[in-house]
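Engineer: My structure is below; once you've seen it, I'll send some questions.
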Amino acid sequence: MPLDTFPAATAAGAAAVPPRLDRRSRLILFVLCAAQFMVALDFSVLNVALPDLGRDLGLDRSALQWAVTAFALPSGGFLLLFGRIADLYGRRRLFLAGLAVFGAASLLATLAWNPASFLAGRALQGFGAAVIVPTGMSLLTTTFPEGPQRDRALGISGTLLSLGFTIGMVLGGVMTDTLGWRSTMGLLTLFTLIVLPMAPKLLPGSHATGGEGGSTVRSRLDVPGAVTVTGGLLAVIYALSTAAQRGFGGADVRLTLAAGVVLLTAFAIVESRSDAPLVSLPMLRRRTVAWGNLGGLVTFSMMSTVVFVLTLYLQETLGLSAFRTGLVFGVQGVLSVAAGALTPKVLARFGARRTLVFSLLGQGVFVAALLGVGAQSGALLATVGVSLASMCHLGAIISYGLTVTSGVPDGEQGLATGLVTTTQQVGITVGIPLLGVLATTGETLLAGVRTVLAVDAAVVLLAGIVIAAGLRRARP
């Protein structure tokens with residue numbers, strides 16, 4: 001299939017190196033990227049601290065999953081809703097409110113005196129993240145014009161997003177060992193205190209329908225759509241998060257998953273009949289939106305699974321310590337930074353669509369190379385393989401966001417970026433429950449890990465081929 005038939009790059013004709021941003025633009029980018037980095041850090045920084053946290057607060061092992069699930073439920077369930085609210089009523093004010101909620105919630109989690117207060121803090125953190133992520137992304141895509149500037153801004157944002165997950169795993173272990181688990185939540189409070197005072201003066205007002213700087217006529221919010229999609233996403237994320245801990249055998253998991261499917265089906269029906277839908281079905285019928293989000297779903301779900309099974313392999317098969325395992329993913333983080341610097345140049349040369357396809361194919365190839373890990377050795381191969389796969393993964397993250405949001409009117413950027421970030425959250429959530437269980441059901445852990453890696457690589461490579469065909473037929 002000839003990739004040269006893809007539409008030209010968004011930055012066609014531009015210099016290979018995007019133009020430098022002025023001082024104000026750099027400060028705006030710093031605020032938006034710092035907020036995204038903070039949320040990404042929150043996804044992973046607490047993971048290695050869970051045993052200490054449980055002993056301190058009296059959470060037993062079976063209840064520790066709620067430290068993660070309490071954040072994942074609202075952060076994934078409310079993304080689309082807040083993306084649309086931002087379009088209608090103003091992105092800046094909602095972004096600032098999200099930062100304030102996140103900071104207060106992080107302080108509550110830091111000072112938690114019992115399980116209930118800690119889980120309340122985590123749930124409020126997730127709620128704040130559900131506001132910050134789509135509003136921050138839509139502020140970025142409306143502040144920086146489509147072309148080299150937006151490519152560069154999304155490249156930096158994607159790098160910090162990937163780096164936040166990686167640094168969180170390393171930093172969480174170091175901070176827990178030296179300062180205690182509360183320091184991981186205190187760090188997020190500190191981040192908020194740095195970012196929040198800078199944001200009001202720097203961030204531009206929204207130019208959205210009925211929002212700041214927009215039309216005086218407000219579009220109404222699609223309440224039935226909001227209820228069904230939020231309820232459906234909450235149910236699906238709860239079911240998959242719980243299944244990651246206990247499997248799909250529990251009645252609560254199966255019933256909740258079924259309820260989520262029913263609600264999301266109802267959402268599709270509601271949207272097809274609504275005069276002011278929460279999700280515009282014509283937007284979902286755009287090939288760039290549909291195929292771009294499929295690429296995002298695949299790259300996030302499959303890469304999170306690789307990191308999960310390699311963590312098991314390095315520690316339980318090769319016997320590496322948690323610190324040395326963290327160093328492996330530290331190398332991954334360093335190369336992700338390099339990929340972030342390189343991706344805008346690749347985008348300027350090949351365009352977002354071809355970059356997405358090449359990135360998925362590269363991710364699949366390097367994951368397949370990890371099949372060579374053995375019972376006695378494999379740390380070097382794991383380090384190199386996961387790092388190169390992550391570089392391609394970062395290229396896919398940046399290019400799928402550009403593919404989905406390119407050509408979308410400013411008044412619908414919150415909706416488009418809400419779809420982007422919902423795809424991201426669902427992808428992170430579904431990969432481990434669906435494939436991770438294979439790692440523990442093989443004859444040996446190594447056999448199970450290889451099975452997961454083989455399936456993972458096949459899925460990514462197939463997705464790359466299918467998405468190439470779908471985007472080739474999309475209009476420029």
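The values are calculated or read from the model by the stated rules, or taken from the named source; none is laboratory data. Quick caveat: nothing in here was measured; it's all calculated off a predicted structure. Positions of Cβ are backbone-derived with ideal geometry, glycine not excepted, and every protein chain shown enters the neighbour counts. Ligands, DNA and RNA are excluded from the accessible area calculation, which covers all protein heavy atoms including side chains. Shrake-Rupley method; radii C 1.70, N 1.55, O 1.52, S 1.80 Å.
Engineer: Provide the gained length on full extension for the span Ala258 to Leu445, in nm with one decimal, where the gain is 0.36 nm per separating residue minus the Cα-Cα distance.
Structural biologist: 64.2 nm
Engineer: So for Glu316, Glu443, Glu271, what's the accessible-area order with a 1.4 Å probe, most first? Provide the component values of the computation, followed by the final result.
Structural biologist: Working: Glu316 130, Glu443 185, Glu271 5 Å².
Largest accessible area first, the list is Glu443, Glu316, Glu271.
Engineer: Separate question: Alpha carbon centre of region 95-114 versus region 365-390: separation in Å?
Structural biologist: 39
Engineer: If you add up the charges near Gly172, with Lys and Arg at +1 and Asp and Glu at -1, over every other residue whose beta carbon is less than 14 angstrom from its beta carbon, what do you get?
Structural biologist: Details: positive: Arg182; negative: Asp42, Asp52, Asp177.
Every neighbour counted, the sum reads -2.
Engineer: What accessible area per residue comes out for region 66-130, rounded to a whole number of Å², with a 1.4 Å probe? Mind showing how you got there, number by number?
Structural biologist: On the way: 1910 Å² over 65 residues.
Result: 29 Å² per residue.
Engineer: Let me ask something else about it. Keeping all protein chains in place, calculate the accessible area per residue for region 275-320 (probe 1.4 angstrom), answer in Å².
Structural biologist: Working: 1660 Å² over 46 residues.
For region 275-320, the solvent-accessible area averages 36 Å² per residue.
Engineer: Arrange the residues Arg450, Arg349, Arg24 by how much accessible surface each exposes, largest first, with a 1.4 angstrom probe.
Structural biologist: Arg349, Arg24, Arg450
Engineer: Here's a follow-up. From the phi of every residue in region 286-291, what ³J(HN,Hα) in whole Hz does the Karplus formula 6.51 cos²θ - 1.76 cosθ + 1.60 yield, where θ is phi - 60° and glycine or proline is x?
Structural biologist: 4, 4, 5, 5, 5, 6
Engineer: Another one. At a probe size of 1.4 Å, how large is the accessible area of Asp275, to the nearest 10 Å²?
Structural biologist: Asp275 exposes around 140 Å² with every protein chain in place.
Engineer: Separate question: For Arg287, Arg26, Arg91, give the ranking by accessible area with the largest first, probe 1.4 Å.
Structural biologist: Values: Arg287 95, Arg26 130, Arg91 0 Å².
Correct descending sequence by accessible area is Arg26, Arg287, Arg91.
Engineer: Quick one: pull the percent of accessible area on region 241-398 belonging to carbon and sulfur, 1.4 Å probe, ligands and nucleic acids left out. Write down the numbers at each step before the final one.
Structural biologist: On the way: 4430 of 6560 Å².
Looking at region 241-398 in its full context, I get 67 percent from C and S.
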